[in-house]
Amino acid sequence: MGLLDNLNFSQPFRISSLLPSEAQLQAFKDKSDAEAVAQFSEDPNPIRRVPFNILTALGVNPTIAQAAPTTADILPVTGDISALADARTAFGQGDLATAGLLTAATLIPGASTVKGLTKKALTKEQIDPLGYGKTKGLMTEPLTELDIGYVDQGLLAPKKDLSIEDLQGSVLFPLLGDQSKAGSDLVSIGGNTFKTPVPLDGGFNFMRLNPEEKAVWASAEGVTTRIRNQVNKIADETGLPVNMIYSAMGKDAVDFASFPALTLTEMLPFSKIKKKDLSEFHKKMKSDINIGSDAYKGIKDFPKLDDEGLRAYLEKAAPETRKKFVRLMDTAPFQNAGFPSVAQARFATTEDVLKNVGAGETGAAISTLDMSRMPSSDVKFPHSTYDSQLFGDYQGGLLQTAPREVVFRDFFKSLENQKTKAGKPLNPAMKDYTFRLNLPSQVVDQELVDTIMNFNKSR
């Protein structure tokens, strides 16, 4: 529903009718002005005190005068009210120019400076605190306020809830996976409806996606074989049941899958991009380039961005091609040039319960492995990205997940005294890399149960 949907235009329309009553505004204005005088008239900092006193002596509204030392401050709520009160007065006096400017300053996000006031633009950290994108680009609103449209495919088995106590006496083995959503079609972002929906079948909820086939994980053949061999070895060595537990990779790990690239192609028609920028992007996709610290080969047959066959090309392309496409678009020159927001695409393809948590969160899904079945690509429901699948039984997900350094206690304890070649302690990134390299297991004993339960109580 839009801002004007409920307005009745049977009578002559006056913008002043949108404003609160005069009595309400005056009360807020008086309160705001009094607070400004109390705070700034005797402020020990002359940078704030002197301009304030000069302006108020000249008759400037105290609420407006308090922002005079810097035009980079956000207009306080009480300031908005005060400006609205002045707007109503201006309308009553027939000063439509002043009234319009004052009203715009309070109602329009990012309005231009009015009497020394500006609305401060949100920072990258305020818009995207978890780093879905490498740059702010043209984003102005927090990702959490992004309008996203999904259609449930009706394929997910019912969710099961587990506590860490349910796993006591077993061994945990980590399944490192991206944070992508499963069981839904992505149909719109920011109110823009896609021409073709993007099916989402990745992430931890893949365990629930095909209950008939009992597929619990999908990856490259080498990875699924390694997982099976390690789980089998742990079971033989410990004599304990092994539970495979999902542990989240970073927000950009999803770039390897098809979802972000396909989402960006659906966002392209709604983007205003200059021809020279489209040409530059195409040139870089066809060239050997570095993006950050990573080197990418040129894709000689890569189609132009306005080619109708772009999506079909990316659906069949190698994962590294899709990854290059997404990460090139995520660079500042292209984000600032109006290309689709990569941060929004990644956010939209992320599972809902993971949207506001970081990498390493562990326990959203747990399964056991059927050792009687080998990894296979001969499946009824192939994954859109990964060709090999493991089979077993979905057990459920922890009601309260925890960071992997808490869940895999023993391994991270073993790293506490390790040093780099320079003699310095390992930083968190080094520890995480070592974890991913080793894929360590963890026995769920009483100590671990108590640790995780206490950790979640303290959150």
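The values are calculated or read from the model by the stated rules, or taken from the named source; none is laboratory data. Given the structure is predicted, the values throughout are model-derived calculations rather than measurements. Note that we place each Cβ from the backbone using ideal geometry, even for glycine, and neighbour counts take in every protein chain shown.
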*Working only within segment 237-261, note down all residues that are crowded, with 20+ Cβ neighbours inside 10 Å, part of a helix (DSSP H, G or I) and β-branched (Val, Ile, Thr).*
VAL254
*When only residues in segment 345-404 that are more than 15 Å from GLN179 (Cα to Cα) and basic (Lys, Arg) count, which is surrounded by the most Cβ atoms within 10 Å (Cβ to Cβ)?*
ARG373
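Assess whether ASN232 counts as being in a helix (DSSP H, G or I), under 19 Å from the mean Cα position of the chain (by Cα) and under 20 Å from ASP370 (Cα atoms). Give the steps one after another, and end with the answer.
Working: in a helix (DSSP H, G or I): yes; under 19 Å from the mean Cα position of the chain (by Cα): no; under 20 Å from ASP370 (Cα atoms): yes.
Here the answer is no, as ASN232 does not meet what is asked.
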*Across segment 360-378, what is the total count of residues that are small (Gly, Ala, Ser), touching a strand residue (DSSP E or B) at 6+ places or on another chain (Cβ under 7 Å) and farther than 13 Å from THR225 by Cα?*
5
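When segment 445-459 is examined, which residues are found to be in a helix (DSSP H, G or I) and under 29 Å from the mean Cα position of the chain (by Cα)? Even if it seems obvious, please write down each step before you answer.
In the first step, residues of segment 445-459 are kept if they are in a helix (DSSP H, G or I); the result is 446-458.
Within segment 445-459, THR451, ILE452, MET453, ASN454, PHE455, ASN456, LYS457, SER458 qualify.
May I ask you to list the residues in segment 149-180 that are outside any loop (DSSP other than H, G, I, E, B), exposed (fewer than 15 other Cβ atoms within 10 Å of the Cβ) and either on the phi > 0 side of the Ramachandran plot or not charged (D, E, K, R) (or both)? It would help to see each step written out before you state the result.
Looking only at segment 149-180, we keep the residues that are outside any loop (DSSP other than H, G, I, E, B), and these are 149-152, 161-162, 164-167, 171-177, 180.
Now drop any that are not exposed (fewer than 15 other Cβ atoms within 10 Å of the Cβ), which leaves 151-152, 161, 165.
Once the filter is applied, which keeps residues that are outside any loop (DSSP other than H, G, I, E, B), exposed (fewer than 15 other Cβ atoms within 10 Å of the Cβ) and either on the phi > 0 side of the Ramachandran plot or not charged (D, E, K, R) (or both), segment 149-180 yields only VAL151.
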*Checking GLY183 against (1) at pLDDT 95 or above; (2) in a strand (DSSP E or B); (3) not charged (D, E, K, R), which single condition isn't satisfied?*
(1)
*Can you spot a residue in segment 283-297 that is surrounded by 22 or more Cβ atoms within 10 Å (Cβ to Cβ) and within 25 Å of the chain's Cα centre (by Cα)?*
no
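Can GLU213 be described as in contact (Cβ under 8 Å) with a residue 40 or more places away in the chain, outside any strand (DSSP E or B) and surrounded by fewer than 17 Cβ atoms within 10 Å (Cβ to Cβ)? Write out each step before concluding.
Values: in contact (Cβ under 8 Å) with a residue 40 or more places away in the chain: yes; outside any strand (DSSP E or B): yes; surrounded by fewer than 17 Cβ atoms within 10 Å (Cβ to Cβ): yes.
So GLU213 fits the description; yes.
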_So for segment 312-319 (the condition being among the hydrophobic types (A, V, I, L, M, F, W, C), in the same structural domain as THR401 (by TED's automatic domain parsing) and at pLDDT 95 or above), does at least one residue qualify?_
no
*Hey, among the residues in segment 268-303 that are assigned to a helix (DSSP H, G or I) and either aliphatic (A, V, I, L, M) or modelled with pLDDT under 95 (or both), which one's nearest to PHE334 (Cα to Cα)?*
LEU278
*Going through segment 389-444 one residue at a time, which ones are touching a Pro at 6+ places or on another chain (Cβ under 7 Å) and part of a loop (DSSP other than H, G, I, E, B)?*
PHE408, LEU439
*Quick check, is MET329 farther than 30 Å from SER163 by Cα, surrounded by 19 or more Cβ atoms within 10 Å (Cβ to Cβ) and not aromatic (Phe, Trp, Tyr)?*
yes
*Among what's in segment 418-453 and is in contact with a strand residue (DSSP E or B) (Cβ under 8 Å, 6 or more places away or on another chain) and loosely packed, with under 12 Cβ neighbours inside 10 Å, pick the residue that is nearest to ILE245 (Cα to Cα).*
GLN418
*Which number in (1) in contact with a Phe, Trp or Tyr (Cβ under 8 Å, 6 or more places away or on another chain); (2) not in a helix (DSSP H, G or I) marks the one condition that ASP306 misses?*
(1)
*Residues ASP352, ASP288, ASP301, ASP307: which one is in contact (Cβ under 8 Å) with a residue 24 or more places away in the chain and out of contact with any Pro (no Cβ under 8 Å at 6 or more places or on another chain)?*
ASP352
*Filter segment 211-238 down to residues that are among the polar types (S, T, N, Q) and more than 21 Å from ALA248 (Cβ to Cβ), then give me how many there are.*
4
*asked:* Looking for something closer than 13 Å to LEU369 by Cα and either among the hydrophobic types (A, V, I, L, M, F, W, C) or surrounded by fewer than 15 Cβ atoms within 10 Å (Cβ to Cβ) (or both) - is there at least one such residue anywhere in segment 187-208?
replied: yes
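Which of the residues that make up segment 309-354 are assigned to a helix (DSSP H, G or I), of a type in the set (Gly, Ala, Ser) and within 16 Å of GLY133 (Cα to Cα)?
Of all residues in segment 309-354, those assigned to a helix (DSSP H, G or I) come to 310-316, 319-329, 332-336, 342-348, 352-354.
Keeping just the survivors that are of a type in the set (Gly, Ala, Ser) gives 312, 332, 343, 345, 348.
Passing the criteria: ALA332, ALA343, ALA345, ALA348.
So which of GLY133, GLY110 ends up being over 30 Å from LYS380 (Cβ atoms), in a loop (DSSP other than H, G, I, E, B) and modelled with pLDDT of 95 or more? Give the derivation first.
Numbers: GLY110 fails: modelled with pLDDT of 95 or more.
Every option except GLY133 fails the conditions.
Considering each of TYR386, TYR394 in turn, give the residue that is aromatic (Phe, Trp, Tyr), modelled with pLDDT of 90 or more and in the same structural domain as ASN205 (by TED's automatic domain parsing). I'd like the intermediate steps shown before the answer.
Numbers: TYR386 fails: modelled with pLDDT of 90 or more.
Of TYR386, TYR394, the one residue that is aromatic (Phe, Trp, Tyr), modelled with pLDDT of 90 or more and in the same structural domain as ASN205 (by TED's automatic domain parsing) is TYR394.
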